[in-house]
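Enquirer: Take this structure first; my questions come after.
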Amino acid sequence: MSDRALVAQDIPRLPPAGTGLGLVRNTEQLQAARRQHRLEAPRSPVSWLLEQGVIGTQDVERARPMLRPGEPLEMTLLRRGKIDREALDLARAASLSVPFVDVKRFRRDPKAVATIEASWARTHEVLPLCFDGPVLVAACADPSDVELEQILGFTLNRIVELVMARPDDLQRAIVAAYGPSEDAPTQRLL
């Protein structure tokens, strides 16, 4: 068996989507996750990984001597193969008490998408997903960006709540929602 297969075998399964702990894929899951996250106290990504049983205390103790200067412990765990990228993303979202949204599969409300101009969405890397009553829920890579949330709320004159998405998935979803940028290179057919 390859080293990669052994590492993958050692990584415990994450909670299923829709439990408030996993990757959110639709509006109903998002609403449930937002309610649950409001009730949870923020905690470190490593604490969340321990609570979910993704890693054990032995993994943490073995990773500590491997820490690089300025590197968060969760990055050391990723580098050592004790967690995968999805576990890291979910742990970071949990540490901020926000849902982590799979923007590739999330069915966006066209009315929500229309609240922000394409150029603004691209520049600020934010994607409106849906409304929850008067609240516009929008995905970004860093939902702790208070300035982004405030500017968006002020510009739209509404309450905005940011949720987390993977940066590369977010960029592709913005293109899917708004079309390619006018500045994007075009391919010529010969």
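Enquirer: Can you name the number of the only condition in (1) under 22 Å from the mean Cα position of the chain (by Cα); (2) assigned to a helix (DSSP H, G or I); (3) acidic (Asp, Glu); (4) over 24 Å from Gln29 (Cβ atoms) that Asp59 fails?
Expert: Here Asp59 clears every test but (1).
Enquirer: Tell me the helices (runs of 4 or more DSSP H) entirely within the range 109-169 that contain at least 2 residues that are within 17 Å of Ser181 (Cα to Cα).
Expert: Numbers: elements: 110-113, 118-124, 146-156.
It comes to 118-124.
Enquirer: Any residue at all in the range 56-66 that is among the hydroxyl-bearing types (Ser, Thr, Tyr) and exposed (fewer than 15 other Cβ atoms within 10 Å of the Cβ)? First the steps, then the outcome.
Expert: Going through the range 56-66, the residues among the hydroxyl-bearing types (Ser, Thr, Tyr) turn out to be 57.
With exposed (fewer than 15 other Cβ atoms within 10 Å of the Cβ) added as a condition, the list becomes 57.
Among the residues of the range 56-66, at least one is among the hydroxyl-bearing types (Ser, Thr, Tyr) and exposed (fewer than 15 other Cβ atoms within 10 Å of the Cβ), which makes the answer yes.
Enquirer: Then there is this: Considering each of Lys82, Lys104 in turn, give the residue that is under 12 Å from Ala165 (Cα atoms) and part of a loop (DSSP other than H, G, I, E, B).
Expert: Numbers: Lys82 fails: under 12 Å from Ala165 (Cα atoms).
Sole residue among the options that is under 12 Å from Ala165 (Cα atoms) and part of a loop (DSSP other than H, G, I, E, B): Lys104.
Enquirer: Does at least one position in the range 122-132 carry a residue that is crowded, with 20+ Cβ neighbours inside 10 Å and in contact with a Pro (Cβ under 9 Å, 6 or more places away or on another chain)?
Expert: No, the range 122-132 contains no residue that is crowded, with 20+ Cβ neighbours inside 10 Å and in contact with a Pro (Cβ under 9 Å, 6 or more places away or on another chain).
Listed here are the residues, each with its yes/no results for (1) of a type in the set (D, E, K, R); (2) over 30 Å from Leu49 (Cα atoms).
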| position | (1), (2) |
| --- | --- |
| Ser97 | no, no |
| Lys104 | yes, no |
| Glu117 | yes, yes |
| Ser144 | no, no |
| Val163 | no, no |
| Pro167 | no, no |
| Ala177 | no, yes |
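Enquirer: In addition: Considering only residues of the range 89-111 that are buried (at least 24 other Cβ atoms within 10 Å of the Cβ) and within 8 Å of the chain's Cα centre (by Cα), which is nearest to Pro42 (Cα to Cα)?
Expert: Checking each candidate, the answer is Ala93.
All of the numbers you see were taken from the coordinates with simple rules; none came from a lab. Since the model is a prediction, treat every value here as computed from it, not as a measurement. Because the Cβ atoms are built from the backbone with ideal geometry, glycine has one as well, and the counts that use them run over all protein chains shown.
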